[in-house]
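Chemist: Shown below is the structure under consideration.
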Amino acid sequence: MGDHQNVVVDIGINGAFLTRRWEEPENWMRLTRECGFAAHSFCADVIDPFFSGDRQFQLEQAQAAREAAVRYGVTICDLYTGVATHRFHGLSHSDPRPRRRMKEWIEAAAEIAVTLGTDLLGGHWDAFSCEVLADPRRTQEATARLHQTFRELAQQLRSSGLRALMQEQMYIPSEKPWTLEEGERFLLEVNRDRGDALPVLLTLDVGHQAGMHYGLSGPDLDYTEWIRRFGATCAVIHLQQTTPDASHHWPFTEEYNRRGHIRMEKVLEALKQSHAEYEQNPLAQVLPRATKQWLVAEIIPGSTKTEAQLLKELEETARFLRGYVPEGGLVL
């Protein structure tokens, strides 16, 4: 895509704040709008393909959410995994049966996403086991399995109504990719010679650079470096306020902005630089530049956070982010 094309960046809220608290689709979208957000990243923990009732109920809930979104002027920008699928050895498992089952989860989630009215599905569906990570040969085999599984999914889902599948970058060695080098290799491997298969994108999270606990150092620990390297090809980037050594998923309030190190001006500057350098990026061979990008506030409250306090913090987060990204989006 040529340099003349504008890139529009807008903000949204991830639906994790609804989990275990609100069950009615009307309220999901009403609260999104009342907190100051016009875009909603739907959290799969709210409608889980395996646990939330039967198939008919799931699709009814998705349709009701889609209609409520229209009423409240909310765009459902993607469907993203919540906590549930992070808990399993899934897509890279040594046994094909758990791999097959997690693929079924993703296929079912794709149908829910399209029913919600979005064409993006993302998340994390895997963790390498300690047994695998202890053996370099098994780690290599699991990595190859993960790449191959994503290639298969991208082919299988090409007529699902989705336009992309997204894998989230993480910060521990069991959840791939967790380094800059692994991120680039993942994107090049799963997207090479793609043909008519869906593109597989990386989702960045500005709080997922806490790899120092497992020995990472240097650029791998710099959220701006991740954005510079991968930002131009991302459909979604997750925002959270946090400290460098953890992924706290704090809101952007005065209190937490004092405690955290994430700076929105740095996020936007790194994103602009990524677009400016896109043509020189090796990823330009396999992925187009994004023209619409969502900066999704992924605020995950603790169980003891009261609903009143939670909603107040989300409103303050929306006001804060709107100071950088105006209503209707920022043109880069």
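Where a number appears in this text, it was derived from the coordinates with a stated rule and is not lab data. Here the structure is a predicted model, which is why all the values come from computation and not from measurement. Using ideal geometry, Cβ is built from the backbone for each residue, glycine included, and neighbour counts are taken over all protein chains shown.
Chemist: Taking only Cα atoms and a 10 Å spring cutoff, compute GNM fluctuations for the chain and point out the largest among 66, 289, 259.
Modeler: Per the Cα network of the chain with a 10 Å cutoff, 259 tops the list.
Chemist: What is the list of residues in the range 139-179 whose amide nitrogen lies under 12 Å from a point 7 angstrom out from the Cα of residue 94, following Cα to Cβ?
Modeler: Flagged as within label range: 139, 142.
Chemist: Shifting gears a bit: Evaluate 2.2 N^0.38 Å with N set to the residue count of the chain, then give the Cα radius of gyration divided by it.
Modeler: Numbers: Rg = 18.7 Å, N = 332, 2.2 N^0.38 = 20.0 Å.
Its radius of gyration relative to the 2.2 N^0.38 Å reference: 0.94.
Chemist: Given a 10 angstrom Cα cut-off, can you work out which residue in 241, 280, 169 is the most mobile in a GNM of the chain?
Modeler: Ranking 241, 280, 169 by mean-square fluctuation puts 280 first.
Chemist: At 7 Å along Cα-to-Cβ for each site, give me the label-to-label distance between residue 225 and residue 23 in nm.
Modeler: So the two model labels end up 4.7 nm from each other.
Chemist: Scan around residue 166 for amide H atoms under 5 Å from its own, H built in the peptide plane at 1.01 Å from N, and keep only partners 5 or more places away or cross-chain.
Modeler: Under 5 Å from the amide H of residue 166 lie the amide H atoms of 121, 122, 123, 201, each far enough along the sequence or on another chain.
Chemist: How far is the Cα center of the range 1-56 from the Cα center of the range 151-172, in Å?
Modeler: The range 1-56 and the range 151-172 have Cα centres spaced 18 Å from each other.
Chemist: Out of all DSSP beta bridges with both ends in the chain, state the antiparallel percent to the nearest 5. Could you put the intermediate results ahead of the total?
Modeler: On the way: 3 of 32 bridges.
The antiparallel fraction comes to roughly 10 percent.
Chemist: Taking the Cα centre of each part, how many Å lie between the range 81-140 and the range 271-310?
Modeler: 21 Å
Chemist: Here's another thing I want to ask about it. How high is the FRET efficiency between residue 284 and residue 158 when r is their beta carbon distance and R₀ equals 25 Å, given to the nearest 0.05? All intermediate terms of the calculation are to be shown ahead of the outcome.
Modeler: Details: r = 22 Å, r/R0 = 0.88.
FRET efficiency, residue 284 to residue 158: 0.70.
Chemist: If you don't mind, there's one more thing I want to ask. Excluding residues fewer than 8 places away in the same chain, name every one of the aspartates and glutamates whose C-alpha is closer than 18 Å to that of residue 272.
Modeler: Counting by Cα, and skipping residues close in sequence, residue 272 has these aspartates and glutamates nearby: 3, 10, 205, 222, 225.
Chemist: Loop sites only, by DSSP: take the chymotrypsin sites (Phe, Trp or Tyr not before Pro) in the chain that have at most 14 other C-beta atoms within 10 Å and name the longest stretch containing none of them. All intermediate terms of the calculation are to be shown ahead of the outcome.
Modeler: Numbers: sites that count: 50, 51.
Looking at the chain, 52-332 is the longest stretch - no exposed chymotrypsin sites (Phe, Trp or Tyr not before Pro) with at most 14 other Cβ atoms within 10 Å.
Chemist: In addition: Enumerate the calculated ³J(HN,Hα) couplings along the range 296-303 in order (Karplus 6.51 cos²θ - 1.76 cosθ + 1.60, θ = phi - 60°), each rounded to whole Hz, writing x wherever the residue is Gly or Pro.
Modeler: For the range 296-303, the Karplus curve yields 9, 6, 9, 9, 10, x, x, 4 Hz.
Chemist: Residue by residue through the range 187-202, which ³J(HN,Hα) values in whole Hz follow from phi under the Karplus form 6.51 cos²θ - 1.76 cosθ + 1.60 (θ = phi - 60°), with glycine and proline marked x?
Modeler: Result, rounded to whole Hz: 5, 5, 5, 7, 9, 5, 6, 5, x, 9, 6, 5, x, 10, 9, 9.
Chemist: Considering amide H positions built from the backbone, and no H for Pro or chain starts, which residues 5 or more places from residue 39, or on another chain, come under 5 Å of its amide H?
Modeler: 13, 75
Chemist: Most fluctuating residue of 205, 193, 78 in a GNM of the chain with Cα springs under 10 Å: which is it?
Modeler: 193
Chemist: Would you mind checking which residues have amide H under 5 Å from residue 52's amide H? H placed 1.01 Å from N; only 5 or more apart, or other chain.
Modeler: none
Chemist: Per DSSP H run of n ≥ 4, the term is -39500 (n - 2.57); total these for the chain, divide by its residue number, and report the mean residue ellipticity at 222 nm rounded to 500 deg cm²/dmol. Before the final figure, lay out the partial values.
Modeler: Numbers: 10 runs with 129 residues, N = 332.
Taking each H run of at least 4 residues, the total per residue is -12500 deg cm²/dmol.
Chemist: Right, something else. Given the Cα-Cα distance of residue 331 and residue 6 and 0.36 nm per residue of separation, how much length would full extension add, in nm? Each step should come with its number before you reach the end.
Modeler: Values: separation 325, 0.36 × 325 = 117.00 nm, distance 0.64 nm.
Net length gain for the segment: 116.4 nm.
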